[in-house]
Amino acid sequence: MRLFDWLRNASIFHRSQLRAEMDEELRSHIAHRADDLARRGMNCAEAERRARIEFGGREKYKEEIHTALGGNFFDTLGRDVRLALRVLRKSPGFAFAAIVTLALAIGANAVVFGLMDGLILRPLNVPQSESLYGTHYGDNGGWQSYPNYVDLRDRNHTFEDLAAFNMVLDVGMDSGNDATVANGFATTGNYFDVLRIQPYLGRFFHSADEHGLNSAPYVVLTYAYWHTRFQDDRSVVGRTVRLDHHPYTIVGVAPPAFAGTLLFLSPDFFMPIVNEEQMGEASVSARGTDRAVFEMMGHLKPGVTPAQAVADVDRVGAYLAKTYPSQFSHRTTPTALSREGLTSFGPAVRAFVSGLTLLAGLILLAACANLGSLFAARAADRSREVALRLALGSSRKRILRQLLTEAVLISLAGGALGLLGSIALLRKLGTWQPIPGTPLHIPVAPDVRLYLVALLLALVSGFLFGIVPLRQVMRANPYEIVKAGSNARMGRRITVRDVLLVVQIAICAVLVTSSMVAVRGLVRSLHSRFGFDPRNTMLAGVNLSLAGYSVDRSPAMERRMIEAVETIPGVEHVGLVNDYPPLVYTAGRTVSVFKEDAADLKPANAAANPYRYAVSPGYFVAAGTSLLAGRDLKWNDSKDAPAVAVVTKDFAGRMYGSITNALGKHFKLVDGTSVEVVGVVEDGKFISLTEDQQPAIFSPFLQAPQTNTYLVVRSPRDPVALAAAIRAKLRELEDGVPIDTQTWSGMLDVVFLPSRMATMALGVMGMMGAMLSITGIFGMAAYSVSKRLRELGIRMALGAQRREVLGAALGRAVRLLALGSAAGLLLGLLATRVLASIVYQATPRDPLVLSGVVVAMALLGVVATWIPAQRALSVNPMILLREE
């Protein structure tokens with residue numbers, strides 16, 4: 001009741017009554033003083049005037065009474081907001097420019113936070129994700145053989161259990177009505193048990209369902225695939241579907257929020273890893289293979305630290321290296337928190353997002369510097385108003401509060417506009433498929449945390465640029481300002497506005513430099529040599545095992561395929577490469593090779609670990625790979641002929657010192673086979689564009705047969721028509737084999753995706769920085785001209801030339817532009833070195849980049865100073881002097 005009575009009697013609910021009482025009380029005081037003066041002989045009008053002067057500002061006393069009575073906060077805030085809106089309404093151009101500037105900056109930061117939230121901060125939707133760690137070991141990064149996984153699972157002492165998975169892509173799924181292409185995960189039987197999740201429908205498969213190779217023909221659908229492909233049909237549990245012509249039983253549907261354990265890849269289904277060989281993947285029974293398992297993960301036991309887990313995995317790796325010396329070599333054991341599904345890609349993703357966060361922060365800092373400069377200039381222009389308010393009794397605190405209110409209103413409006421834009425962009429990114437036909441996606445979705453971050457950024461930004469005029473207001477002398485009038489001279493010393501402008505221009509130069517480095521690197525990479533020429537080249541993927549061909553029967557069929565495709569009109573060259581071509585789906589498997597005289601063929605004693613490809617005669621011509629020395633492979637390099645290989649220039653240099661020394665020399669494989677080097681080809685890229693130069697060897701496909709192969713077809717024909725002709729020609733040979741056709745350039749989209757994303761992001765950041773720089777320089781130049789119009793008029797009246805007038809009006813802004821640009825260019829050259837790990841051939845020392853940045857900053861200066869320059873040159877000294 002006491003609280004209710006206080007609220008009922010509080011002054012904030014009786015404003016009109018309180019104001020009336022205060023007005024009456026103040027009138028009474030003035031009337032009493034006027035009566036006193038009248039009794040002393042002063043006439044009534046003069047007595048009332050003198051009483052009002054002695055009493056002072058009535059509004060000041062009203063505010064003090066409000067404060068003394070309490071309940072003044074909301075009333076004062078309302079008056080501040082109303083006054084701020086009136087002031088901003090009188091300057092619509094300033095308000096619009098400030099709101100748009102902040103909207104761009106806060107929107108950019110909100111988008112980057114949304115990416116960080118989706119990619120790093122948000123954990124996998126599984127129970128106890130904080131203790132879920134991923135690990136891999138051996139020489140092949142995340143790839144590992146299934147027997148090695150089994151040993152690690154059974155011999156480690158730090159994980160409660162250890163699950164593993166692999167990707168199976170482009171699988172034909174036939175549900176009886178129609179067949180479609182689906183992508184999934186091949187997982188160990190304990191996968192769902194380790195993750196501690198429960199099915200939405202039916203059940204999951206478990207370790208008890210596995211009884212050896214191809215023993216568990218079960219499939220679990222993801223909720224999204226069940227919803228779109230089977231229209232939420234609950235009767236799918238127990239139904240049989242065919243995966244690449246093999247029957248599988250649907251046993252369950254995963255929960256809605258679970259989309260696998262790899263962040264960027266949304267699978268359609270899960271199948272047991274013991275059956276993945278039926279999908280054309282590597283055998284799970286061979287320890288020497290490196291493609292059966294992509295990642296392993298599990299919960300650490302209570303009290304176990306990551307360092308202890310690393311030591312434990314190292315112990316198992318050392319055991320395997322000792323037990324299987326010809327099949328396993330243990331060197332490193334990365335163990336990383338797997339809570340966000342980034343075990344293998346975590347460092348690259350975190351580096352990319354961190355870079356974006358830094359750049360977005362620079363954008364916001366530049367925006368605050370820009371608005372701080374404009375607010376300082378605006379406060380200087382309103383110096384007469386501020387002086388009059390101080391002279392009439394207003395407190396400096398009150399004026400600062402009013403300026404901060406204006407700044408916060410602008411920042412909230414800009415933050416709201418930027419938030420709306422960021423939400424729309426994030427929703428587009430969440431549904432965007434970077435590469436059509438692949439399950440890649442960006443897992444972002446705006447939520448309440450994004451709104452809170454945008455609100456916080458808006459309030460902090462408003463406070464940052466709102467306090468810039470603090471020093472001006474606190475040190476303002478109202479009598480000097482009123483006496484000087486509107487013609488107070490602009491100081492020559494370095495001001496806060498100058499420092500802010502230099503900082504802003506430097507940030508802009510950093511962003512422009514980074515964006516130009518990224519663009520230049522991407523352009524150069526698109527026209528670089530990768531060891532092959534993807535232009536005018538079609539890849540036709542064929543898995544003969546799906547048509548019933550064994551490894552021994554496949555070479556004859558593959559040769560018939562080459563000969564058939566060569567008969568297609570317009571086809572110039574045809575070659576063949578087993579497994580995947582370079583740079584396609586992170587292709588390339590490494591092998592250990594030894595010197596010819598080596599006796600101990602342990603992987604640890606290998607002289608090199610090159611990538612190995614099995615190719616046909618004519619592959620190098622079809623792929624556009626230059627033969628530097630020796631000969632190409634021939635059709636008589638068969639299984640019964642001596643083992644030969646064509647090697648890259650890097651391999652020849654590492655093993656034999658030079659190209660000429662390599663020809664005719666031999667090296668050994670891990671099984672003791674002696675291989676003769678018959679040719680040397682140019683170096684290339686095999687896994688990623690930014691990798692260090694790696695060696696490679698190319699063996700005859702007849703000596704290393706496989707059922708999974710790609711035809712490389714070079715032709716200037718239209719890709720659509722060529723793909724149709726290839727499929728038709730191959731189906732004449734074997735009607736039951738699935739054929740996947742795509743241009744080599746199109747298949748490289750995955751490889752170029754990081755470079756393109758980085759270039760696009762940096763390009764947007766660079767344009768935003770340029771816009772902020774233009775507004776900042778324009779504000780500085782316009783302010784300089786407006787404050788010196790009288791001086792410029794006198795100069796022109798005394799005969800100053802146009803060049804001298806421009807120098808006087810804009811010289812300061814131009815010097816600040818040059819200083820900020822030089823500092824930003826230097827910082828940009830240092831900062832863009834990190835781009836080399838993302839964008840191929842990105843180098844800040846490129847003369848074209850350096851000259852481009854200089855020209856860009858000069859153009860920004862010209863654009864920003866054009867209007868102030870025209871105003872300075874159009875000054876009419878007679879009119880100005882007459883006005884004075």
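The values are calculated or read from the model by the stated rules, or taken from the named source; none is laboratory data. For clarity, every value in this text was computed on a predicted model and none was experimentally measured. Because the Cβ atoms are built from the backbone with ideal geometry, glycine has one as well, and the counts that use them run over all protein chains shown. Just the protein is used for accessible areas: all its heavy atoms, side chains included, with ligands, DNA and RNA removed. Shrake-Rupley method; radii C 1.70, N 1.55, O 1.52, S 1.80 Å.
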Restricting to DSSP loop positions (anything but H, G, I, E, B) with no more than 15 other Cβ atoms inside 10 Å of their own Cβ, which trypsin sites (Lys or Arg not before Pro) remain in the stretch 163-251? R196, R203, R239
Calculate one ³J(HN,Hα) per residue across the stretch 677-682 by plugging θ = phi - 60° into the Karplus curve 6.51 cos²θ - 1.76 cosθ + 1.60, and present them in order as whole Hz with x for glycine and proline. 8, 10, x, 10, 10, 5
Relative contact order (percent) for the stretch 653-750, with alpha-carbon contacts under 8 angstrom and 6 or more residues of separation? 11 percent
Out-of-range pairs (alpha-carbon distance over 22 Å; input K602/K634; K602/K649; K634/K665; K595/K634): K602/K634; K602/K649; K595/K634
Just flag the GluC sites (Glu not before Pro) in the stretch 632-740 sitting in loop per DSSP whose Cβ has no more than 15 other Cβ atoms within 10 Å. E691
Would you mind getting the accessible area per residue of the stretch 111-216, heavy atoms of the protein chains only, 1.4 Å probe, in Å²? 37 Å²
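Accessible area per residue, 1.4 Å probe, Å², for the stretch 590-631: what's the number?
40 Å²
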Could you tell me what percent of the accessible area of the stretch 590-657 is made up of carbon and sulfur, with a 1.4 Å probe and every protein chain present? 48 percent
For a protection proxy built on the mean count of beta-carbon atoms within 10 angstrom, sort 32-40, 405-413, 660-668 highest first, please. 405-413, 660-668, 32-40
Taking only C-alpha pairs under 8 Å that are 6+ residues apart, what is the relative contact order of the stretch 108-224 in percent? 16 percent
